[in-house]
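One structure is given below, represented as structure tokens, and several questions about it will come after.
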Amino acid sequence: MADFRIGSIAGDGIGPEIVTQARLVLDRVAEKYGHSFEYVDILLGGASIDATGKPLTNEAIAAAKSCDAVLMGSIGGDAKTSPWYKLEPSLRPEAGLLGIRKALNLFANLRPAVLYPQLAGACPLKEHLTEGGFDMLIMRELTGGLYFGERHTTEENGVRKAVDTLTYDENEIRRIAIKAFDIARKRRNKVTSVDKANVLDSSRLWRAVVEEVAKDYPDVELEHMLVDNCAMQLVRQPKQFDVILTENMFGDILSDEASMVTGSIGMLASASLNDTRFGLYEPSHGSAPDIAGQDKANPIATILSASMMLRYSLDLDKEADAIDKAVDCVLSSGVRTGDIMNENAEGKELKLVGCSEMGSIIADAV
Ligand code: IPM
Ligand code: MG
């Protein structure tokens, strides 16, 4: 019997290519450290629509629940050309992703945004703003707020009207705040809680509950920041952040901004956790349908997501370190996929490779 059962969601677009490479790296880790991983293929998003007519099935949820953790590529297609987007919203690929997050209670979404020194040239900010690098973690609430509030569209007297509701109860806020403070303790002991408390009731409750939780963490510095100011501070002085704690919608927007500031979204991993060790791990980037199937995608974010999975769900820290180190070495050696090709900080000769070659080189470096 395998030591661990890993759910594998290849998904859509570049998903299958990048997951193949991450699995190659995981298999090399298993071989080297004497583990065995059993993969359970799970359909989600467009791939699931094509096979079953639905973006998420009960079988997929049951399969995911039977695993120790799930590794995912990406889901979704080109909204202009893909037939999936002719379906009603609840049957589109994204609904599958939101559905699995909810079904598995994955309320804590960890999105690190790190400036890699080897790729510092990719950062779009002026050098004096990023000197010494930055390393922040966005802790996004993932199963509440506007995404899951009641919504409807009506028409009254010929006037169309749409309603979305932003709801949080104190328990939902408390459990994510606790995760943020726990993680801050393993990092640089600072939490920036982001809200819109000058306008929204849900944000005022958010702020009050975060302050209650903070009392149990006197060693962690807490600051509150309004979301509009945070959007500005991310490009003004990204170094000031350690853990950013925020609700679902703000986190969706700020995490895209933070990843862009690193200049290399192809490098950024993410984890979505519930209150057990289980988690779903996926790159922060999307399914890039424009380059799908061309062996051009950067598999590093997925490989680093696999490393997060080893660390957070399977408790295999040294194995995770081995992957992180392998990626670091390969970057230092000048090997690059197209998306990070022109970003050489040290004037070294670079070598352009495709997705599968990048995967094999990293696997060999493990
Ligand atoms: C993300 C994505 C999803 C989200 C979409 C695909 C529904 O943008 O994971 O950030 O908004 O959560
Ligand atoms: Mg998003």
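Only the coordinates and a few stated rules stand behind these numbers; no lab work does. Quick caveat: nothing in here was measured; it's all calculated off a predicted structure. Backbone-built Cβ (ideal geometry, glycine too); neighbour counts: all protein chains shown.
May I ask you to sort 278, 250 by Cβ crowding, counting other Cβ atoms within 10 Å and putting the fewest first?
278, 250
Determine the percent antiparallel among the DSSP beta bridges restricted to the stretch 124-262, to the nearest 5.
Antiparallel: roughly 30 percent of the beta bridges in the stretch 124-262.
Can you work out the Karplus-derived ³J(HN,Hα) for every residue in the stretch 166-180? Use 6.51 cos²θ - 1.76 cosθ + 1.60 with θ = phi - 60°, whole Hz, and x for glycine or proline.
My calculation for the stretch 166-180 gives 10, 10, 9, 9, 5, 5, 5, 6, 4, 5, 6, 5, 4, 4, 5 Hz in order.
Can you put 232, 309, 249 in order of Cβ neighbours within 10 angstrom, beginning with the fewest?
Neighbour counts put them in this order, fewest first: 232, 249, 309.
Here's something else I'd like to know. Provide 236, 185 in ascending order of the number of other Cβ atoms located within 10 Å of each residue's Cβ, fewest first.
So the residues, fewest neighbours to most, are 236, 185.
HN-Hα J couplings of the stretch 276-283 from phi, Karplus 6.51/-1.76/1.60, θ = phi - 60°, integer Hz, Gly and Pro as x?
Each residue of the stretch 276-283 in turn: 10, 7, 5, x, 10, 10, 8, x Hz.
Taking the Cβ of residue 223 as the centre, find all other residues whose Cβ is under 12 Å away and add up their charges (Lys, Arg: +1; Asp, Glu: -1).
Computed value for this residue: -2.
If you only keep lysine pairs separated by 8 or more in sequence, or across chains, how many in the stretch 124-262 come under 15 Å at the Cα atoms?
Number of lysine pairs found: 5.
If you don't mind, another one. Once amide H atoms are built 1.01 Å from N in the peptide plane, which residues 5 or more positions from residue 40, or in another chain, come under 5 Å H to H?
6, 7, 8
Residue 335's amide H: which non-local residues (gap 5+, or another chain) put their own amide H closer than 5 Å, with H modeled 1.01 Å from N in plane and none for Pro or chain starts?
HN-HN under 5 Å from residue 335: 351.
Sticking with this structure for a sec: Hey, what number do you get for the chain at 222 nm if only DSSP H runs of n ≥ 4 count, each worth -39500 (n - 2.57), divided across all residues, to the nearest 500?
Helices in the chain give a 222 nm mean residue ellipticity of -12000 deg cm²/dmol.
Follow-up question, since we're still on this one. How big is the dipole moment of the chain about its Cα centre under a simple scheme where the beta carbon of each Lys and Arg is +1, that of each Asp and Glu is -1, and everything else is neutral? Debye, nearest 20, please.
The calculation lands at about 120 debye.
If you don't mind, there's one more thing I want to ask. So what's the net charge close to residue 113: Lys and Arg +1, Asp and Glu -1, counting the other residues with Cβ under 11 Å from its Cβ?
In short, -2.
GluC sites (Glu not before Pro), restricted to the stretch 23-94: which are DSSP loop and have at most 10 other Cβ atoms within 10 Å?
Passing sites in the stretch 23-94 do not exist.
Rounded to the nearest Å, what's the spacing between the alpha carbon centres of the stretch 98-132 and the stretch 293-330? Just the number, please.
15
On to the next question. Tally the DSSP beta bridges in the chain and give the antiparallel ones as a percent, rounded to 5.
Close to 45 percent.
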